[in-house]
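Chemist: Structure below; questions to follow.
The values are calculated or read from the model by the stated rules, or taken from the named source; none is laboratory data. Note that the structure is predicted; figures quoted are calculated from it, not measured. When we count neighbours, we look across all protein chains shown, and the Cβ atoms used for this are built from the backbone with ideal geometry, even at glycine. Ligands, DNA and RNA are stripped out before the accessible areas are found, and what is left, the full protein with its side chains, is counted by its heavy atoms. Shrake-Rupley method; radii C 1.70, N 1.55, O 1.52, S 1.80 Å.
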Amino acid sequence: MRGFSAIYGREMRAYFTSPTAYVVSVVFLLAVGLFFMTLLRNYISFDAYWRERLLEAGREAVPADVHQYLLRRFISTLGAITLFVLPFITMGSFAEEYRSGTMELLLTSPIGQRSIVLGKFAAASTVFTLLLLISLGLVSSLFLYGNPDPTSLLVGFVGVWLQGESFLVIGMFISSLTRSQVVAGIGGLGAALLLWLAGLLGDPTSTLGIWLNELSLVAHFEDFSKGILDSKHVVFYVCFIFFWLFLTLRSLESLKYR
Amino acid sequence: MIVTENLTKIYPGKRAIDGVSFEVQKGEIVGFLGPNGAGKTTTMRILTCFQPASSGTARVAGHDVFEAADAVKRNIGYLPESPPLYLEMRVREYLEFVSRIKGVPRSMRRQRIDESVERCGLGDVQQRTTGKLSKGYRQRVGLAQAMLHNPPILILDEPTSGLDPKQVVEVRRLIRELAGEHTIILSTHILPEVSMTCERVIIINQGRIVLSRSLRDLDAPGPDRESLLLEVEASADVSEQLTSLEGVHSAQRVAADGARRYRLLCDRGRDVRPRVASFAVQQGWRLLELRAQETNLEEIYLRVVTSEGGVA
């Protein structure tokens, strides 16, 4: 792992000295804020309706379940936002190095290619994790006004995190195939979308359809958003991430022969 | 220091280099000369372990480029055709990063960076962003990067391309200064560059080495000499009379077709043309041509590059 910390440090510095990371962060947080506000507003009017119905039925007016009617929806939405934003964090990771010729510097230096891939992944992952923590802070404002279940909320965020890391590795892989950041960004988004919704490709009653559904990212996300932590899904995401990191490494090695 | 044997690189549908074999001794400066697309960059990329050869072997500093890539990478400094800069980084920051990936020990980093900065004349721009530097400065940062870990071998791909004439002179001077301690291979498609900086030239054309000689053997004038081409009409060989002139070291007959054509080696910077001209008139020769000639490398180059075969 020689060179890992140097690569990681340079990537982090690049994220915070170039406008890309800021633009992506602003767009991400804007989307998170807007959707949270809208969902919260919906919840409030639903809650009023809910209490009214309960009173009409002559029962005690308890508030509507926050997790069920607000957080679950928010977490699903957050997962979708990451899909559209994260490819733009990773689009430059290799494409830009190819274009500027700095890949030649990295590959003629005595560092492992594994450090290059992992250093870049760790940096992209750090940026994403920071964004997610900010979003979590925003949602935690709910604790000021009520008492949602913190465990379910955290499990949901773990799901978003794992799924987001998967989007990052797909994006990195696509970026390792091209010199153009635009191609890497849009292509990464397309690839992530495809793997996210792979289940839609097949008839859900056929064997192929079941397989495709099992392989799609969103199928493993459902339980997290419900607040259920199932190791099966965690293992799936971890394997998925390692698989694409491995492919990225291979793609980098194949560069020699291109 | 560098030995290659039968290096061949085949890209789909194209042989970039074909059976390239050469040796570079310790401390030599070798110029890799050839037209664009001759295979210079490909050869350099193989030597720096950036790309493997399709067949053949190359050993750099005693290590095989394929088997022991890490050991090779430690021993070379490489300046690719365009300097590999991260344009958002400051010069100092960039060199700091390079020193880390090149494996310079922490305690040595500062000293090595200071030294490279000084040698490449980057003192004033250390805190500038590389993206805002002129092309000449970027090239110097590229050179600083290549020599940062003090490698015994420097591989420089077109180190002066795209620079203005003043910058070209500066970069060449820097390379000559580095020559003492490092073995250097530099590629170029500019002829005078080779005669001004290198000791030996390897001419490569269409992926093959067509000539590999020391410049002395090629009658290059050398750093303190310049050469003149003289053609006169005279009844006999006049080379002895020419040599007797002050400032002329030797006169060699170069034409084979009976014309009295001579190549004169004279002191550099001391224009002896007027003296030669009046001497010719005084002797009663008819002066047909008298001009400064950079080197006869030019003739050789044109001959080997335009003809099908080689003369190696």
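Chemist: Residues that are under 18 Å from residue A:161 (Cα atoms) and of a type in the set (A, V, I, L, M, F, W, C): does region A:53-72 have at least one?
Modeler: Among the residues of region A:53-72, at least one is under 18 Å from residue A:161 (Cα atoms) and of a type in the set (A, V, I, L, M, F, W, C), which makes the answer yes.
Chemist: Could you look through region B:87-96, keep only residues that are in contact with a Ser or Thr (Cβ under 8 Å, 6 or more places away or on another chain), within 9 Å of chain A (Cβ to nearest Cβ) and open to solvent by 10 Å² or more (accessible area, probe 1.4 Å), and pick out the one that is farthest from residue B:184 (Cα to Cα)?
Modeler: Once the filter is applied, the top-ranked residue is B:88.
Chemist: Restricted to region B:10-46, and to residues that are in contact (Cβ under 8 Å) with a residue 60 or more places away in the chain and among the basic types (Lys, Arg), which residue is least open to solvent (accessible area, probe 1.4 Å)?
Modeler: Among residues in region B:10-46 that are in contact (Cβ under 8 Å) with a residue 60 or more places away in the chain and among the basic types (Lys, Arg), the one least open to solvent (accessible area, probe 1.4 Å) is B:40.
Chemist: Going by what's in this entry, would residue B:192 be described as farther than 25 Å from residue A:110 by Cα and in contact (Cβ under 8 Å) with a residue 24 or more places away in the chain?
Modeler: For residue B:192, the condition - farther than 25 Å from residue A:110 by Cα and in contact (Cβ under 8 Å) with a residue 24 or more places away in the chain - is met.
Conditions tested, residue by residue: (1) closer than 30 Å to residue B:144 by Cβ; (2) of a type in the set (A, V, I, L, M); (3) at pLDDT 80 or above.
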{"position": "B:181", "(1), (2), (3)": "yes, no, yes"}
{"position": "B:188", "(1), (2), (3)": "yes, no, yes"}
{"position": "B:207", "(1), (2), (3)": "no, no, yes"}
{"position": "B:218", "(1), (2), (3)": "no, yes, no"}
{"position": "B:227", "(1), (2), (3)": "no, no, no"}
{"position": "B:245", "(1), (2), (3)": "no, yes, yes"}
{"position": "B:253", "(1), (2), (3)": "no, no, no"}
{"position": "B:280", "(1), (2), (3)": "no, yes, yes"}
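Chemist: Looking at (1) away from chain B (no Cβ under 11 Å); (2) open to solvent by 60 Å² or more (accessible area, probe 1.4 Å); (3) under 29 Å from the mean Cα position of the chain (by Cα); (4) among the small types (Gly, Ala, Ser), which is the only condition residue A:58 fails?
Modeler: For residue A:58, the exception is condition (3).
Chemist: Quick one: is residue A:79 away from chain B (no Cβ under 13 Å), within 30 Å of residue A:249 (Cβ to Cβ), in contact with a Gly (Cβ under 8 Å, 6 or more places away or on another chain) and among the small types (Gly, Ala, Ser)?
Modeler: Judged against the criteria, residue A:79 is a match.
Chemist: Mind telling me which of the residues B:116, B:99, B:107 ends up being away from chain A (no Cβ under 13 Å) and within 27 Å of residue A:96 (Cβ to Cβ)?
Modeler: Result of the check over B:116, B:99, B:107: B:116.
Chemist: Then there's this: Looking at (1) open to solvent by less than 30 Å² (accessible area, probe 1.4 Å); (2) of a type outside the set (Ser, Thr, Tyr); (3) away from chain B (no Cβ under 14 Å); (4) in contact with a Gly (Cβ under 6 Å, 6 or more places away or on another chain), which one does residue A:124 not meet, given that it meets all the others?
Modeler: All conditions are met except number (4).
Chemist: Can you tell me which residue in region B:47-86 is farthest from the chain's Cα centre (by Cα), limited to those that are at the interface with chain A (Cβ under 7 Å from one of its Cβ atoms) and open to solvent by 40 Å² or more (accessible area, probe 1.4 Å)?
Modeler: Within region B:47-86, the match that is farthest from the chain's Cα centre (by Cα) is B:70.
Chemist: Taking region B:1-15, which residues are at positive phi and of a type in the set (S, T, N, Q)?
Modeler: Scanning region B:1-15 gives a single hit, B:6.
Chemist: Looking at (1) open to solvent by 70 Å² or more (accessible area, probe 1.4 Å); (2) touching a helix residue (DSSP H, G or I) at 6+ places or on another chain (Cβ under 6 Å), which is the one condition that is false for residue A:83?
Modeler: Exception for residue A:83: condition (1).
Chemist: Out of B:286, B:275, B:270, I need the residue that is modelled with pLDDT of 70 or more, touching a Leu at 6+ places or on another chain (Cβ under 7 Å) and surrounded by fewer than 17 Cβ atoms within 10 Å (Cβ to Cβ). Which one?
Modeler: Answer to the check: B:275.
Chemist: Spot the failing condition for residue A:49; the list is (1) touching a helix residue (DSSP H, G or I) at 6+ places or on another chain (Cβ under 9 Å); (2) at negative phi, and only one is missed.
Modeler: Going through (1) touching a helix residue (DSSP H, G or I) at 6+ places or on another chain (Cβ under 9 Å); (2) at negative phi one by one, residue A:49 breaks only (1).
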